[in-house]
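The values are calculated or read from the model by the stated rules, or taken from the named source; none is laboratory data. Just so we're clear, the structure is a prediction, and the values are computed from it rather than from any experiment. Glycine also receives a Cβ, built like all others from the backbone with ideal geometry; neighbour counts cover every protein chain displayed. Surface areas here come from the heavy atoms of the whole protein model, side chains and all, with no ligands, DNA or RNA. Shrake-Rupley method; radii C 1.70, N 1.55, O 1.52, S 1.80 Å.
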Amino acid sequence: MNYRKIASKYRKEALLALQKWIQCASPYDEATVKKDAPYGEGVRKSLRYFGELGRKNGFAVDWCDGYCTELSFGDKGPLIGIYGHGDVVPAGDGWKHKPYAGTYEDGVIYGRGATDDKGPMIAAFYATKALKDLGLIDGFRVKIVCGGDEERGSSCLKHYFKEHKGEAPVFGFTPDSDWPLIYGEKGMRGYELTLPLDLSPIVAMEGGSVPNAVCDSLLVTMAKNPSLERKLASSGISYDDLGNEVLTMIRFKGKSAHGSTPELGTNAAGIAFRFLGEALGKKEVRNLGEIILSPDGASWGGAHSSKELGKATYNYGVVRYDAKGLSISLDFRFGEECDPDALIRTLKEKSGMEAKSLSEHHHLLFDKKSPLVKTLLSAYRMEARDYFAKPLAIGGGTYAKEAPNTVAFGACFKGRDGNMHGAEEYILEKDLLLDIAIYMRAILALGKKAR
């Protein structure tokens, strides 16, 4: 069967569906949370869009109390599950194309969610639709579950399986990572670091948007300080001067990156703390700057590496300072041989901060020889014509930690991460079509294996 040729027949439909879905701006919005919109109005509209897309194309729809949208097809047989998400991180700064326009230009679609995770979910949807249209979903069933809170910790999928009693699949995958396949994921913990200190003459600090992205800008406000402004002007640091006659207001600029790979970004808070510590003679602030600018923990004794899952990483995403003191979010990821409690104790000792635990996820490791891994890897190799590709272990956390018998399978190709969580997020048209072909082959193979 020529899966690529079949996928090409859905090109216009898939591109238009993705563009329209991107236009449903869907970051979490506490201000619009209500009973049927537990994550806010934007996420509700995103989940409704996906559900209506399924309904119009012959899928049964379950709205799952507003936490997820479930599309299903097939009357009998074992279940193949596909788990992705329709929420996104906030747009942030630095865009050339409008973040919620779904702009198509020269074979590329730009927009928040294009690659995380609306593009891959559209690919999985049209792969399933193509198999349905061809009458090939026979003797097995498929459910595509679109969650609304993956970016904040996956409470959506927890609700789906626990409260909503969602059915566990025989085999499942989540199209929310890298090709060819993820057999291992680091453990993850979220913390709020706090320190009740007085940073006068600084009045306020505010930076970062979500815990699982590198803080790409930090706004610092204080009484007018010409001396500090002159030092900053000659420092070579990237910043915006937003001050006036009364206030010094400086936006320190960094570079965003996903919280699983903080070494690929530049933390604006770290840059700011290091500079301000020197300029204002505050050693504790400079010390925090050095800690924040060490995403592997090497500067303070937090370095650790495990055989399968690799190095521990520390991402400081959201920074706030006011009269109550300083708070910093920490997204901490670690391998299978790590003692996370010991590393956090060391961080508290070196930083002087308290650490309040907000979330915890254990690491995940699948046997590379398991039927699920072998079947999916074979589908990728055959369709992508990448015959020597090997399964990966990553620092990112996916729905595979929440869904039984599930691994992360695509959809970012090597060298094309889509600017995930950054400005100018994108997906290539040719990659979207290849994703459809790979997922078609994979779903059919899993269905036959499960029968």
Name the residue from Val214, Thr194, Thr174 whose Cα lies farthest towards the positive end of the charge dipole of the stretch 144-220, charges +1 on Cβ of Lys and Arg and -1 on Cβ of Asp and Glu. Thr174
Protection proxy ranking, peptides 264-274, 435-445, average beta carbon neighbours within 10 Å, highest first: 435-445, 264-274
Might you report the magnitude of the Cβ-based charge dipole of the chain about its Cα centre, with Lys and Arg at +1 and Asp and Glu at -1, to the nearest 20 debye? 1300
Rounded, prolate or oblate: pick one for the stretch 330-451, where a ≥ b ≥ c are the square roots of the eigenvalues of its C-alpha gyration tensor, a/c under 1.5 means rounded, and failing that, prolate if a/b is larger than b/c, else oblate. prolate
Relative contact order %, the chain, counting alpha carbon pairs below 8 Å whose residues are six or more apart: 24
If the reach is capped at under 27 angstrom between alpha carbons, list the lysines near Lys96, excluding any in the same chain fewer than eight residues apart. Lys12, Lys20, Lys45, Lys118, Lys253, Lys255, Lys414, Lys430
Cβ-based charge dipole, the chain, positive-most Cα from Ala91, Phe59, Ile109: Phe59
So what is the accessible area of the stretch 173-284 per residue, in Å², with the probe set to 1.4 Å? 41
Cut-off under 18 Å on the C-alpha distance; same-chain residues fewer than 8 positions from Lys350 excluded. Which aspartates and glutamates are left, in chain and number order? Glu192, Glu284, Glu290, Asp296, Asp331, Asp339, Asp341
For P(r) over Cα pairs in 20 Å bins from 0, in percent, with candidates (i) 25, 53, 20, 2; (ii) 24, 58, 18, 0; (iii) 16, 22, 14, 11, 9, 11, 13, 5, 0, 0, the value calculated from the shown model is option (i)
Across the stretch 128-212, how many lysine pairs, 8 or more apart or on two chains, come within less than 26 Å at their alpha-carbon atoms? 9
The stretch 38-104 - percent of accessible surface contributed by carbon and sulfur, probe 1.4 Å: 50
Find how many whole Å separate the alpha carbon centroid of the stretch 17-87 from the alpha carbon centroid of the stretch 150-171. 13
How about Lys348: which lysines have a C-alpha closer than 18 Å to its C-alpha, ignoring those fewer than 8 places off in the same chain? Lys283, Lys356
Helix 371-384 axis, angle to the chain major axis (alpha carbon atoms, nearest 10°): 90
Divide by every residue of the chain the summed helix terms, -39500 (n - 2.57) for each DSSP H run of at least 4, and state the resulting mean residue ellipticity at 222 nm, rounded to the nearest 500 deg cm²/dmol. -9500 deg cm²/dmol
Farthest positive-ward along the chain dipole, Cα basis, beta-carbon charges - from Phe252, Leu131, Ala355: Leu131
Determine the dipole magnitude for the stretch 304-433: charges of +1 sit on the beta-carbon of Lys and Arg, -1 on that of Asp and Glu, nothing else is charged, the reference point is the Cα centre, and the result goes in debye to the nearest 20. 300
At Asp65 and Lys324, where each label point lies 7 Å from the Cα along Cα→Cβ, what is the point-to-point distance in nanometres? 2.9
What percent does the relative contact order of the stretch 183-247 come to when contacts are Cα pairs within less than 8 Å and at least six residues apart? 25
When ligands, DNA and RNA are left out and all protein chains stay put, how many square angstrom of accessible area per residue does the stretch 308-439 have with a 1.4 Å probe? 44
Net charge (Lys, Arg +1; Asp, Glu -1) of residues whose beta-carbon lies under 9 Å from that of Asp178, Asp178 excluded, is 0
So what's the gap between the Cα centers of the stretch 307-348 and the stretch 226-262, to the nearest angstrom? 24
